[in-house]
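Here is the structure we will look at, set down as structure tokens.
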Amino acid sequence: MSTHASDGALYASRRARVLDALAPDGVMILPAAPELRLGRDLELRYQPDPDLYYLTGYTEPEAVAVLAPFRSEAPFTLFVRPRDPERELWTGPRGGTEAALAVFGADEAYPIGELPERLPAIIAEASTVYFRLGTGRDDVESLVRTCLIRAQRGRQREGRGPRTLVDPGAILDDMRLIKDAHEIALLRDAARITAEAFREAAPRIRAGAGEWEIEAALDAAFRKRGASGPAFPTIVAAGANATVLHYTDNTATLEAGQLLLIDAGARYRMYCGDVSRTFPVSGAFSPEQRDVYDVVLAAHDAAIAQVRPGSTIEQVHEAALRTALAALVDLGVFRGTVDELLEKKEEYRAFLPHRTSHWLGLDVHDVGDYETAGQHRRLVPGMVLTVEPGIYFPASHDAVPATLRGTGIRIEDDVLVTPSGHEVLTAALPAAAEEMEAMVRG
């Protein structure tokens with residue numbers, strides 16, 4: 001069991017907002033994430049469910065939170081694992097129902113084994129049930145389905161019971177998208193740790209080193225600064241490996257003259273950093289590599305300049321894309337005007353295959369719709385997004401100069417939307433080509 005007791009009032013205020021949105025007769029059911037195992041009995045390190053954590057701070061497996069405003073005496077109920085000295089000997093302390101009440105602020109708390117007995121009566125009082133299907137908690141999903149069917153069958157005669165099943169994201173996604181001061185502080189910490197870890201790992205980049213060595217150095221740097229580890233599988237991609245967008249094997253040996261693309265981030269108190277930098281393995285870019293690197297950096301800078309209230313992620317992406325296309329025309333990779341190329345998406349997607357941004361928070365690809373009511377969502381203060389343009393030249397593409405085939409370059413930073421514009425949370429880690437070279441040389 002772990003929590004930050006001083007954050008109890010924060011979680012309570014978030015639950016109050018949800019209860020208001022559920023009123024008068026909705027119920028939200030949030031199960032903890034499933035435990036993952038390898039083989040028959042090897043338990044992997046547990047990762048809590050972000051929605052459950054956002055509203056409760058609870059980090060133990062098997063739990064289920066129930067929020068029901070119509071239960072005026074107990075709108076917040078937690079079902080949790082009971083204390084078990086035998087199991088705690090193997091897997092560590094459990095808080096049990098005592099901690100659910102005293103530490104996590106539940107109005108009522110019961111052992112998880114009592115969920116099948118108690119949940120049906122709560123669902124029967126609701127008209128709308130907020131529950132996400134397909135979370136991996138098949139036990140809870142089966143119970144909710146059974147409760148819904150039973151309650152709906154009795155609705156005609158009893159005049160009560162659920163009519164609608166809704167994803168909890170209908171309420172929670174917009175809440176989580178706009179970060180509060182507490183979350184922004186944690187994201188700043190995750191960004192700081194990530195930037196410092198990149199600086200610490202960079203001098204290990206050299207011909208003959210293994211991608212795995214750089215990954216290990218990053219992981220160690222994250223952990224010694226208080227992070228729980230990486231926020232996602234770390235990408236350390238040398239040479240042509242960098243043209244595989246989510247390459248995570250990290251098994252190759254670095255070679256002189258290659259570029260090394262690193263995409264990594266620390267997870268600090270559940271919040272994620274996410275940074276990409278591309279380094280020259282030999283300590284200096286070749287002239288051809290430098291030309292393309294500067295294209296990506298210009299696209300990165302143009303995109304960040306668009307981050308401000310009232311702008312959209314689409315405008316951020318378009319700024320990066322237009323800048324990159326114009327520069328690639330100048331380099332002779334493409335022919336035509338930028339506007340002409342924008343009409344030929346399949347032509348440029350071979351080199352510019354992904355969007356420029358995603359939301360960042362408790363998830364590395366955080367929740368929140370990018371469009372609402374058919375319109376691109378406007379940025380508002382408190383949103384946090386990545387800016388990560390990249391250019392990738394496949395090793396087998398004949399249109400690319402031979403010296404650049406098998407080259408991937410990405411530059412990524414984490415950006416907070418502020419009332420006056422933006423703050424680059426990862427600005428402490430430089431991105432200019434000369435500084436990439438200097439970091440490798442130590």
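The values are calculated or read from the model by the stated rules, or taken from the named source; none is laboratory data. The model shown is predicted, which means the values in this text are computed figures rather than measured ones. Cβ atoms come from the backbone with ideal geometry, glycine included; neighbour counts cover every protein chain shown.
List the strands (runs of 3 or more DSSP E) inside segment 207-293, counting only whole elements, that have at least 1 residues being assigned by TED's automatic domain parsing to the domain that holds Ala431, under 17 Å from the mean Cα position of the chain (by Cα) and surrounded by fewer than 20 Cβ atoms within 10 Å (Cβ to Cβ). Steps first, please.
Values: elements: 235-238, 259-264, 266-268, 275-280.
Correct list: empty, since no element meets the threshold.
Just a yes or no: is a residue in segment 105-113 in contact with a helix residue (DSSP H, G or I) (Cβ under 8 Å, 6 or more places away or on another chain), without any contact (Cβ under 8 Å) to a residue 12 or more places away in the chain and in a loop (DSSP other than H, G, I, E, B)?
no
Under 6 Å between Cβ atoms, at least 6 apart or on separate chains: pull out the pairs that start in segment 410-426 with a residue that is assigned by TED's automatic domain parsing to the domain that holds Glu388 and end on any residue that is surrounded by fewer than 23 Cβ atoms within 10 Å (Cβ to Cβ) and of a type in the set (Asp, Glu).
Listed by first residue and then by second, the contacts come to Leu416/Glu423.
Quick one: Ser357 ticks every box in (1) over 17 Å from the mean Cα position of the chain (by Cα); (2) farther than 19 Å from Tyr293 by Cβ; (3) of a type in the set (S, T, N, Q) except a single one, so which number is it?
Every condition holds for Ser357 apart from (1).
Here is a check on your reading of the model: is Arg157 farther than 24 Å from Ala284 by Cβ and modelled with pLDDT under 95?
Values: farther than 24 Å from Ala284 by Cβ: yes; modelled with pLDDT under 95: yes.
Answer is yes for this residue.
Would you please list the contacts, defined by Cβ atoms under 6 Å and residues six or more apart or on different chains, that run from a residue in segment 139-168 that is assigned by TED's automatic domain parsing to the domain that holds Glu114 to a residue that is of a type in the set (Phe, Trp, Tyr) and at pLDDT 95 or above?
Pairs that qualify, where the first residue is assigned by TED's automatic domain parsing to the domain that holds Glu114 and the partner is of a type in the set (Phe, Trp, Tyr) and at pLDDT 95 or above, are Val144/Phe131; Val166/Tyr130; Pro168/Tyr130.
Would you mind finding the one in Leu187, Leu119, Leu101 that is crowded, with 21+ Cβ neighbours inside 10 Å and outside the structural domain of Glu435 (by TED's automatic domain parsing)?
On the way: Leu187 fails: outside the structural domain of Glu435 (by TED's automatic domain parsing); Leu101 fails: crowded, with 21+ Cβ neighbours inside 10 Å.
The unique qualifying residue is Leu119.
Looking at segment 334-442, what helices (runs of 4 or more DSSP H) fall wholly within it and have at least 3 residues that are crowded, with 16+ Cβ neighbours inside 10 Å?
On the way: elements: 338-342, 345-348, 433-441.
Ranges flagged: 433-441.
Condition first: touching a helix residue (DSSP H, G or I) at 6+ places or on another chain (Cβ under 8 Å), modelled with pLDDT under 95, of a type outside the set (Asp, Glu) and surrounded by 15 or more Cβ atoms within 10 Å (Cβ to Cβ). Can you find one or more residues in segment 162-184 that meet it?
yes
Condition check: part of a helix (DSSP H, G or I), assigned by TED's automatic domain parsing to the domain that holds Asp167 and under 19 Å from Ile171 (Cβ atoms). Does Tyr54 satisfy that? Walk me through how you get there before you give the answer.
Working: part of a helix (DSSP H, G or I): yes; assigned by TED's automatic domain parsing to the domain that holds Asp167: yes; under 19 Å from Ile171 (Cβ atoms): yes.
Taking the combined requirement at face value, the residue satisfies it.
Looking only at residues in segment 300-331 that are among the aliphatic types (A, V, I, L, M) and not in a helix (DSSP H, G or I), which one is surrounded by the fewest Cβ atoms within 10 Å (Cβ to Cβ)? Quick ask: steps written out before the conclusion?
Going through segment 300-331, the residues among the aliphatic types (A, V, I, L, M) turn out to be 302-305, 307, 313, 316, 319-321, 324-329, 331.
Retained after the next criterion (residues that are not in a helix (DSSP H, G or I)): 307, 331.
Details: Val307: 24, Leu331: 15.
Across segment 300-331, the extreme among qualifying residues is Leu331.
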